[in-house]
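Nothing in this text is a laboratory measurement; each read-out follows from the coordinates by a stated rule. All values reported here derive from a predicted model rather than from experimental measurement. Cβ atoms come from the backbone with ideal geometry, glycine included; neighbour counts cover every protein chain shown.
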Amino acid sequence: MESSRIALPIGTALDRFIKNNQEQFQYASGELSQLLRDIALASKVVNREVNKAGLIDIMGAMGTQNTAGDQQQKLDVLANIRFTRALTKGGEACAVISEESETYVDLNNDGKYVIAIDPLDGSSNIDVNVSIGTIFSIYRRKSPIGKSISEADILQKGEEQVAAGYILYGSSTMLVFTTGFGVNGFTYEPSLGEYVLSHPHMEMPKDGKIYSINEGSANSFSDPVKKYIQYCKDNNYTARYIGSLVADFHRNLLKGGIYIYPATAKDPKGKLRLMYECNALAFIAEQAGGRGTDGKGRILEIQPTALHQRTPFYVGSESMVTKAESF
Ligand code: AHG
Ligand code: MN
Ligand code: MN
């Protein structure tokens, strides 16, 4: 396609980008493009609500727990409703898997895609006006259309993602995604109500000097993790930890760095969830030239056995992740 060879300029609207890059949205019939539009639209609604936190009644705890035992915040629940509703109405998705729902939602339709989503990442930062996010993974349905969906549709390896992305509700709101042809970032322009291309062909620096880890749990880190952190200090690295994975990841993507959430005494298998958080960010990292591992091997090759499965997570600049693994 001729148009694909012309780099689209900064300021190109998301819709135009999708139209001009159809070859990046495989299975050409347009459903994947529509799915991304649905997610973008729901994120605008969530963005509007995030920006009113404090003015409308969306701060604070819901008083309930999700399946993983996390306290649900009002905005966790609201964002889950917004995204699930958009995906249900769109008709392209046959199932939605969400961090906030105990089991997957079977939409009972002929949709060709399965979506895994962390509707609101960084819940503890909602009430204090610190960046939060949304993370999503998109998979192809495996079961034949017309038949009911099965476990094989739901528990897919990260390497089977056809697209993944995140929305960062930060000092500006951004949508960053990949369909397996590199990573592009779009900034939300509120006066236009549009995402516009601001970060074409994002590439993660091969090396960096930022390390992001919750050192409060250091006493229960394994020796190799402790040694790697000492290595960072010995080399005068900078520590940066926001506590919203999306925000920490985004900074490291732009500046070069490593994010680690290792196994701890409190979370012996790590805290982060393979299907809602790690798979999407590992895919984006790899597409931008970085790496995502569980400390032993590639995140994308892990066969999930449970929806809410957790994993240790090392993600970021290639050399830094490789170095951390060498300990
Ligand atoms: P969520 O809000 O979706 O439950 O995710 C929170 C995650 C992640 O965003 C963040 O990096 C990490 O939890 C922070 O955990 P600690 O407070 O244990 O460092
Ligand atoms: Mn999260
Ligand atoms: Mn969440």
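Annotations for the structure displayed:
- Dipole moment magnitude, nearest 20 debye, the range 95-136 about Cα centre, only Lys, Arg, Asp, Glu C-beta charged: 160 debye
- Leading residue at positive end of dipole, the range 1-123 (Cβ point charges), from Ala13, Asn109, Pro119: Ala13
- For the range 140-194, a simple Cβ point-charge model (Lys and Arg +1, Asp and Glu -1, everything else neutral) yields a dipole of about 280 debye relative to the Cα centre.
- For the range 166-229 and the range 33-55, distance of Cα centres in Å: 19 Å
- Dimensionless Rg/Rh of the chain - Kirkwood Rh, Rg from C-alpha atoms: 0.95
- Rg/Rg_ref, the range 14-201, where Rg_ref = 2.2 N^0.38 Å and atoms are Cα: 1.01
- Principal axis extents of the Cα atoms in the range 210-326, from largest to smallest and rounded to whole angstrom, are 39, 32, 26.
- Local electrostatic count, Ile135, Cβ distance below 11 Å [Lys/Arg +1, Asp/Glu -1]: -3
- Ranked for footprinting exposure by Cβ neighbours inside 10 Å, fewest first, Met204, Met59, Met320, Met174 give Met59, Met174, Met204, Met320.
- Dipole magnitude for the chain: about 360 debye, using +1 per Lys or Arg Cβ and -1 per Asp or Glu Cβ, origin at the Cα centre.
- Considering only alpha-carbon pairs that sit under 8 angstrom and 6 or more positions apart, the relative contact order computed for the chain is 15 percent.
- Given Lys157/Lys206; Lys147/Lys296; Lys52/Lys206; Lys271/Lys323, the pairs whose alpha carbons are separated by over 32 Å: Lys147/Lys296; Lys52/Lys206
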